[in-house]
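The values are calculated or read from the model by the stated rules, or taken from the named source; none is laboratory data. Because the structure is a prediction, the values reported are computed rather than measured. All Cβ positions, even for glycine, are placed from backbone atoms using ideal geometry, and neighbour counts span all protein chains on display. Just the protein is used for accessible areas: all its heavy atoms, side chains included, with ligands, DNA and RNA removed. Shrake-Rupley method; radii C 1.70, N 1.55, O 1.52, S 1.80 Å.
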Amino acid sequence: MFEFDSTALTNLVEGSTLKFKKSATSYIFDCPRCQKKDKLYIHRKKGNFICFYCAAIDGYRGRP
């Protein structure tokens, strides 16, 4: 079974030059697929991601 390392995700995101916002549970980015502002969410503890625009169109979401 795959074990997700949330510390590695934190180090990757917060140590990068990417622009992001933080909510109580997620990192929030502009989506690289649709270019919509603040639509891509990555759960900080689980690593699951979803673009709320692309997911409605073609199901763009997933797990780490």
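Heavy-atom accessible surface of the chain, averaged per residue, reaches 75 Å², computed with a 1.4 Å probe. The smallest convex shape that holds all Cα atoms of the chain, its convex hull, gives 85 Å³ per residue.
What number, in percent, do you get for the relative contact order of the chain if the mean sequence gap of Cα pairs under 8 Å and at least 6 apart is divided by its residue count?
Computed over the chain, the figure is 24 percent.
Among residues other than Glu14 with Cβ under 15 Å from its Cβ, the summed charge is +4 (Lys and Arg +1, Asp and Glu -1). Taking amide H as placed 1.01 Å from N in the peptide plane, Lys46 has no amide H partner under 5 Å among residues 5 or more places away or on another chain. The phi-based Karplus calculation (6.51 cos²θ - 1.76 cosθ + 1.60; θ = phi - 60°) puts the 3J(HN,Hα) values of the range 37-47 at 6, 6, 10, 9, 10, 10, 5, 5, 9, 9, x Hz, whole numbers, x for Gly and Pro. Each of the peptides 31-39, 16-24 was scored by the mean count of other Cβ atoms within 10 Å over its residues; in descending order, highest first, they stand as 31-39, 16-24.
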